[in-house]
Amino acid sequence: MNHFYAMILAGGGGTRLWPLSRTQNPKQTLALTEERTLFRIAVDRLSALFPPERIFVVSGPRLMPTLRGDAMHIPNDNFVVEPYARDNAAAVALGLAAITARDPDATVALLTADHHIASTEKFLSVLRAAHEVAQDGHIVTLGITPTYPSTGFGYIHRGALLREQNGLPIYRSQGFKEKPTHEVALQFLADGSYSWNSGMFIWHVRKAMQEFERQQPEMYHLLQELRQAFADTRDDVVLGRVWEKMPRKSIDYAIMEGATDVAVIPVDIGWSDVGSWASLYEVLKLDDKGNGVRGNADTLLIDTTQTLIFSEKLTVAIGLDGVVIVDTPDALLVCHRDKAQEIKKVVEHLKTTGQTDYL
């Protein structure tokens, strides 16, 4: 597996974890579940499979100093800087260009910087199996076994058994489904052949290039220019010129939804996208009253249950149940856990009213 590489996409804002996650410090740079940042956890869990020289990180210039400082063992040249955001299909193309310039026989695992995975050993076993399947020209996706009828995730429809690899069943994909209504999500859950789309997939660079050329010929030709720029010791002039032509598309829309030879491995690895305060609560260590406390503050909890507190100062809660309290130097959030998704309305309000100092 000397040609197996990890590409960690580390951009994004994580606005649903406001007011802790901000433009300057998005969720991947925060120590949310333990004392390490989510990004550092993502890097560390790969260490048994990928040496530092085969881990690439793609993000924007604003976050790169923080990310480099958090993973100084990764070679500096493996941090691939997007000049500015162009959606994640462009980010994937940029990372592929950098890796292909280094190793034209690479197989790449596209991974995330800000997700929680409880079972590292099982996750790495799945990546090993996915690597072997990818050698036969398949794009391998990791489908998360759903635990409830989520309307916030896309789904993958599992088809016929393709083969077994390393003791894991590998299925043909019957296609990706957009985020469903609650009624459709209930049908997916009852059917049993649908998985949540984790956004993680594994492919050989030859297959990646074939799909870009077939589905996104404009991006394919730009990708080839980027690859040459990396081969020519990162020609920043070429990078800037090519980047401004890159279409703004998601990788799911640009490639995955129309890709051929897609395989899915259904996995139960204790996965969460940590996409809201409610989902963060689900993965935290809780006390005997179901309370989760993070930050360096002292807390006094009286008759308080199933409550999440992030604070750096003495925090007292009396008679609360199922509440989220997040205290930062310039903003305080208090809401019921089942209303945590409403935070996106707060962020939109701050944008429309020009209160961007809070974002």
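Meeting the requirement of 2 or more residues that are under 26 Å from A340 (Cβ atoms) and in contact (Cβ under 8 Å) with a residue 12 or more places away in the chain, the strands (runs of 3 or more DSSP E) wholly within the range 13-116 are 107-112.
Only residues that are surrounded by fewer than 20 Cβ atoms within 10 Å (Cβ to Cβ) and touching a helix residue (DSSP H, G or I) at 6+ places or on another chain (Cβ under 6 Å) were counted across the range 226-238, and they come to 3. Scanning the range 3-47 for residues that are among the acidic types (D, E) and closer than 30 Å to R102 by Cα turns up just one, D44. With respect to the stated conditions, E132 is farther than 18 Å from S195 by Cβ, over 19 Å from the mean Cα position of the chain (by Cα), in a helix (DSSP H, G or I) and among the acidic types (D, E). Per the conditions (1) in contact with a Phe, Trp or Tyr (Cβ under 9 Å, 6 or more places away or on another chain); (2) at pLDDT 95 or above, the sole criterion not satisfied by K289 is (1).
Applying the criterion of being farther than 19 Å from I309 by Cα and among the β-branched types (V, I, T) to the residues of the range 30-63, the residue that is surrounded by the fewest Cβ atoms within 10 Å (Cβ to Cβ) is I41. Among the residues of the range 145-180, those that are in contact with an Asp or Glu (Cβ under 8 Å, 6 or more places away or on another chain) and not hydroxyl-bearing (S, T, Y) comprise F153, G154, Q165, N166, I170, G175, F176.
Only one of G295, G240, G270 is out of contact with any strand residue (DSSP E or B) (no Cβ under 9 Å at 6 or more places or on another chain) and of a type outside the set (K, R). Can you tell me which? Only one candidate passes the filter, namely G240.
Of all positions in the range 277-291, none carries a residue that is within 24 Å of N25 (Cβ to Cβ), of a type in the set (V, I, T) and either part of a loop (DSSP other than H, G, I, E, B) or free of Cβ contacts under 8 Å to residues at least 60 places away in the same chain (or both). Yes or no: R214 of a type in the set (D, E, K, R), modelled with pLDDT of 90 or more and either under 20 Å from A6 (Cβ atoms) or surrounded by fewer than 21 Cβ atoms within 10 Å (Cβ to Cβ) (or both)? Here the answer is yes, as R214 does meet what is asked. Candidates in the range 239-271 are the residues that are more than 21 Å from the chain's Cα centre (by Cα) and charged (D, E, K, R); of these, the one that is surrounded by the fewest Cβ atoms within 10 Å (Cβ to Cβ) is E244. Restricting to the range 117-138, count the residues that are over 20 Å from A42 (Cα atoms) and either surrounded by fewer than 20 Cβ atoms within 10 Å (Cβ to Cβ) or free of Cβ contacts under 8 Å to residues at least 40 places away in the same chain (or both). Result for the range 117-138: 4.
Of everything in the range 312-359, what is assigned to a helix (DSSP H, G or I), surrounded by 11 or more Cβ atoms within 10 Å (Cβ to Cβ) and among the polar types (S, T, N, Q)? Give them in sequence order. Across the range 312-359, the qualifying residue is only Q341.
The values are calculated or read from the model by the stated rules, or taken from the named source; none is laboratory data. What you see is a predicted model, and the numbers here were worked out from it, not measured in a lab. Ideal geometry is used to build each Cβ from the backbone, glycine not excepted, and the neighbour counts take in all protein chains shown.
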